[in-house]
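For reference, the structure is listed below as structure tokens.
The values are calculated or read from the model by the stated rules, or taken from the named source; none is laboratory data. Being a predicted model, the structure only gives us computed values, none of them experimental. So basically every Cβ, Gly included, is an ideal-geometry build from the backbone, and we count neighbours across all protein chains shown. Surface accessibility is based on the protein's heavy atoms, side chains included, excluding ligands, DNA and RNA. Shrake-Rupley method; radii C 1.70, N 1.55, O 1.52, S 1.80 Å.
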Amino acid sequence: GVENAIEISYRTVDENPAKRVFLLSQMIHNPIVNEDLQKKGIRFIMDTKGNQIIPWEDLTSNDIVLIPAFGTTIKIEDKLKEIGIQIELYDTTCPFVKKVWNMSKKLGDNESTVIIHGKHIHEETRATFSHSAKNAPSVVVKDIDEAKTLAEYALGKRDRAKFHIEFEGKYSQGFDPEIHFNKVGVVNQTTMLASDTYEIAEYFKRIMEDKFGVENIKNHFVDTRDTLCYATNDNQEATYGLLEQKADLALVVGGYNSSNTSHLVELCERKFTTYYISSANEIKSRDEIHHFNYHKHLKEHSKDWLPNKSPLKIILTSGASCPDSAVDEVLDKVLTYFNDVKSKEEILDELKKAKL
């Protein structure tokens, strides 16, 4: 989905030199890709929070507007159509995001409530919520703790009057946990940890079993695991594999506002000293690195980050939206701090021979 969106964006600029080309917001949460798109003349209509940068009144039916990989809300789709802009030709919404939307519609058609595991301010979740709320009662939970709070409202263990305050901006119009908890299904913002989504789904399944009985669960809970994004899930599974290794530190490469990258950092931090960097430029020297603390949402500088030992083992991984070239640049830069280094080509050749 990400690769497709980037390819369409570049091709659109090349094929329409006489037209203005806009993106609703950042194509993906990766600064390298977004900066390159801007250099090619693409302008962003909104920031990642949905705040308007370019007024709708400035757009004309002759302009091209690209819908990013996260998708967009029905309200914005209607606005673009009202202006006369063709959105079908330049819709780069990731197929897995659309798969979630389709599942949400099926849940609504089946008189089910949609529980969305995601960050309610994230572009993808805003888009998914918009499409879901059109067809079904919908509510967003960011983690298992919020899921448990929602369940307590549904079971009448919390004052219903406080629900609309605690879940402000996270539920569809008319949503009532006491009424809309007869049948549920869980979908997710595709960049969330798949294991967390599964945990939330299993939790709600148990709640429905307690409420209606195990023998009746098929009438009250819908299994939606097949909507999980395999690309994000593969990245996460690979990172779990890395956690089984012994290493001295981990480098995670990706945009600082990338949800799936921050989850990989969270996983690596469980075992390794972890540095979250956006590119090789953040590595200033063998003795200094600039990195992002996603817990505090601020940049930090660390000294003596590269242990002076031999052999030294480093875990290197990246977010789903991070270009391979950015990871290669990080690898190449780290290797400059060591002597007698084998080239990547030599290592790949050795690995190929070992498999034969």
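Checking each residue in segment 122-147 for being open to solvent by 50 Å² or more (accessible area, probe 1.4 Å), touching a strand residue (DSSP E or B) at 6+ places or on another chain (Cβ under 9 Å) and outside any loop (DSSP other than H, G, I, E, B) picks out only N135. Of I53, I76, I85, I45, all but one fail to be open to solvent by 50 Å² or more (accessible area, probe 1.4 Å) and at pLDDT 90 or above; the exception is I53.
Name every residue in segment 128-142 that is touching a helix residue (DSSP H, G or I) at 6+ places or on another chain (Cβ under 7 Å) and either modelled with pLDDT of 95 or more or within 13 Å of V187 (Cα to Cα) (or both), in order of residue number.
Narrowing segment 128-142 to residues touching a helix residue (DSSP H, G or I) at 6+ places or on another chain (Cβ under 7 Å): 128, 130-132, 134-136, 138-141.
Scanning segment 128-142 gives T128, S130, H131, S132, A136, S138, V139, V140, V141.
I165 meets the conditions (1) among the hydrophobic types (A, V, I, L, M, F, W, C); (2) farther than 25 Å from E77 by Cβ; (3) not in a helix (DSSP H, G or I) in every case but one. The failed one is (3). Applying the set (1) in a helix (DSSP H, G or I); (2) open to solvent by 20 Å² or more (accessible area, probe 1.4 Å) to V100 leaves exactly one unmet item: (2). Residues of segment 172-197 that are within 18 Å of A133 (Cα to Cα), β-branched (V, I, T) and in contact with a helix residue (DSSP H, G or I) (Cβ under 6 Å, 6 or more places away or on another chain): V184, V186, V187, T190.
Restricting attention to segment 157-211 and to residues that are more than 25 Å from E124 (Cβ to Cβ), open to solvent by less than 50 Å² (accessible area, probe 1.4 Å) and not hydrophobic (A, V, I, L, M, F, W, C), the residue that is nearest to the chain's Cα centre (by Cα) turns out to be D176. Taken together, the residues in segment 257-287 that are touching a His at 6+ places or on another chain (Cβ under 8 Å), more than 20 Å from P307 (Cα to Cα) and open to solvent by 20 Å² or more (accessible area, probe 1.4 Å) amount to 1. Can you find a residue in segment 7-17 that is in contact with a strand residue (DSSP E or B) (Cβ under 7 Å, 6 or more places away or on another chain), part of a helix (DSSP H, G or I) and without any contact (Cβ under 8 Å) to a residue 40 or more places away in the chain? The answer is yes; a qualifying residue exists.
Going residue by residue through segment 39-51, is there one that turns out to be over 26 Å from F129 (Cβ atoms) and among the acidic types (D, E)? Within segment 39-51, not a single residue is over 26 Å from F129 (Cβ atoms) and among the acidic types (D, E). Considering the conditions (1) open to solvent by less than 30 Å² (accessible area, probe 1.4 Å); (2) under 27 Å from Y256 (Cβ atoms), I64 is excluded by exactly one of them, (2).
Cβ-Cβ contacts under 6 Å between residues 6 or more apart (or on different chains), taken from a first residue in segment 125-150 that is of a type in the set (D, E) to a second residue that is crowded, with 24+ Cβ neighbours inside 10 Å, are absent.
Residues that are more than 24 Å from K246 (Cβ to Cβ) and surrounded by 12 or more Cβ atoms within 10 Å (Cβ to Cβ) within segment 288-318 comprise E288, H290, F292, N293, Y294, K299, E300, listed in sequence order. Of the strands (runs of 3 or more DSSP E) lying entirely inside segment 252-356, those carrying at least 1 residues that are closer than 24 Å to E3 by Cα and not hydrophobic (A, V, I, L, M, F, W, C) are 274-277, 314-318.
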